[in-house]
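To start, the structure under review is shown below, and the notes come after it.
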Amino acid sequence: MSETTFMGVTRDRIDWSPRIDYDKCNDCMECDEFCPHDVFEVREDQSPKLIVKNPENCVVFCRACAKTCGPDAITFPNKNETTAYIKQIRKGEAAGG
């Protein structure tokens, strides 16, 4: 289990990482160059060329890489739904669940 937590919940239980729409991605790699957390991996001779290799490295609620993406190929889960899920986990754990 991950030792990293966010809002009191271990990071491995939080679904927050970039989603790549390969129909829009132009392989510019701006997202990978920008992200300091080793979330992406560039695979030179493979398709797709860019993958999300380490989703748990992504900082919860950060969407900066998507803002660097010119063709808007990167999206994230819904922030409000993710927040509600985190609160649900915390409430369950507080109740002994």
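The values are calculated or read from the model by the stated rules, or taken from the named source; none is laboratory data. Quick caveat: nothing in here was measured; it's all calculated off a predicted structure. Every residue, glycine as well, gets a Cβ built from its backbone with ideal geometry; the counts of neighbours run over all protein chains shown.
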Residues of segment 39-65 being under 20 Å from ASN80 (Cα atoms) and of a type outside the set (Asp, Glu), which ones?
PRO55, CYS58, VAL59, VAL60, PHE61, CYS62, ARG63, ALA64, CYS65
Output yes when any residue across segment 41-62 is under 11 Å from the mean Cα position of the chain (by Cα) and either of a type in the set (Gly, Ala, Ser) or loosely packed, with under 12 Cβ neighbours inside 10 Å (or both), and no when none is.
no
With respect to the numbered conditions (1) without any contact (Cβ under 8 Å) to a residue 40 or more places away in the chain; (2) in contact with a helix residue (DSSP H, G or I) (Cβ under 6 Å, 6 or more places away or on another chain); (3) over 30 Å from LYS91 (Cβ atoms), which one is the sole condition not fulfilled by VAL39?
(3)
On the given criteria, is CYS25 touching a strand residue (DSSP E or B) at 6+ places or on another chain (Cβ under 7 Å), crowded, with 16+ Cβ neighbours inside 10 Å and not in a helix (DSSP H, G or I)?
yes
Failed item, numbered, when GLU44 is tested on (1) of a type in the set (Asp, Glu); (2) modelled with pLDDT of 95 or more; (3) over 30 Å from GLU93 (Cβ atoms):
(2)
Unmet criterion (only one of (1) closer than 17 Å to ARG90 by Cβ; (2) touching a Pro at 6+ places or on another chain (Cβ under 6 Å); (3) of a type in the set (Ser, Thr, Tyr)) for THR5:
(2)
Could you grab me the full set of residues in segment 76-97 that are more than 30 Å from ASP27 (Cα to Cα) and either surrounded by fewer than 12 Cβ atoms within 10 Å (Cβ to Cβ) or more than 18 Å from the chain's Cα centre (by Cα) (or both)?
ALA84, LYS87, GLN88, ILE89, ARG90, LYS91, GLY92, GLU93, ALA94, ALA95, GLY96, GLY97
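Looking at ALA73, ALA66 in this structure, which one is surrounded by 15 or more Cβ atoms within 10 Å (Cβ to Cβ), farther than 28 Å from GLU3 by Cβ and modelled with pLDDT of 95 or more?
ALA73
For the structure I just gave you, tell me whether CYS31 is in a loop (DSSP other than H, G, I, E, B) and modelled with pLDDT of 95 or more.
no
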From the residues in segment 55-90 that are among the charged types (D, E, K, R) and part of a helix (DSSP H, G or I), which one is nearest to CYS35 (Cα to Cα)?
LYS67
